[in-house]
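Below is one structure; the comments refer to it alone.
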Amino acid sequence: MANNTQYSLFSRLFSEPGSVYTRLLEDIAQRVFVSGDRLVTTALAQRYDTSINPVREALKQLQGEGLVSFQRNSGARVMHFEYSTMRDVYELLQLLEPYLLDWFIEEHTEAPLARLEALLEEMKALTAKDVDQFKELDTLFHWEMYRHHYNRDVVDLWKRQRLRLLALHANMPISDSRIQAAIDEHKAIIAPLRQRDKPSARAALVQHIHNGGDYWSRQVTSRL
């Protein structure tokens with residue numbers, strides 16, 4: 001099970017206790033359940049203190065998102081993740097995040113910029129062994145820019161995709177070079193934010209998402 005800091009991340013993304021769907025997605029992202037694990041409905045109902053039907057509905061929803069598979073005679077299992085699933089999530093993020101960023105560029109104050117820089121400083125202390133902390137800080141960096149956006153439907157969709165992303169690469173390592181690259185990419189986002197330079201900030205963000213998608217997709221491919 002992941003550490004308490006990781007639970008802090010999910011509590012920030014979801015202020016409500018969460019549906020069975022969200023709680024199961026959290027457990028996959030936090031490596032409580034890993035690729036290939038059986039997901040027994042009765043055991044999950046007991047774990048989440050609910051009836052069987054909400055568990056079945058959550059499993060069906062996760063199946064539709066490519067995170068759970070159903071196999072004859074063995075029931076539901078955490079999916080062995082494929083390249084196409086990772087690709088689809090990153091393509092969605094490339095559509096959603098520039099839209100959310102546009103509002104932040106126009107409306108932000110000094111306080112969130114200071115928080116972005118503080119998160120960046122925390123990232124600088126990380127090494128490849130701190131993969132969970134890296135994923136948390138990277139997610140919180142983006143969350144800081146989007147969390148006050150007026151369009152809550154889009155924000156909620158973004159949160160769901162980030163949770164899917166954490167679930168997809170829950171068991172994957174990260175290199176020191178990717179951590180340093182992400183730090184540089186975050187710096188490249190902050191600089192034009194201070195100038196409210198929308199084209200440059202958008203371009204830096206899209207490049208960051210592309211680079212992250214390329215890195216994690218290679219990790220998936222190497223495991224196939």
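Values in this text are rule-based calculations from the coordinates and carry no lab data. The model shown is predicted, which means the values in this text are computed figures rather than measured ones. Virtual Cβ from ideal backbone geometry, glycine too; neighbours counted across all protein chains shown.
A compact table of results
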item: Helix-only mean residue ellipticity at 222 nm for the chain, each DSSP H run of n ≥ 4 adding -39500 (n - 2.57), per residue, nearest 500; result: -23500 deg cm²/dmol
item: R0 of 41 Å, Cβ-Cβ distance residue 42-residue 94: FRET efficiency to nearest 0.05; result: 0.55
item: Approximate spin-label separation residue 194-residue 70, in nm, with each point projected 7 Å along Cα-to-Cβ; result: 5.4 nm
item: Residue pairs, from the table 60/159; 124/198; 129/198; 60/135; 135/198, whose Cα atoms sit over 24 Å apart; result: 124/198; 129/198; 60/135; 135/198
item: Inter-site label distance for residue 50 and residue 130 at 7 Å from Cα along Cβ, in nm; result: 3.5 nm
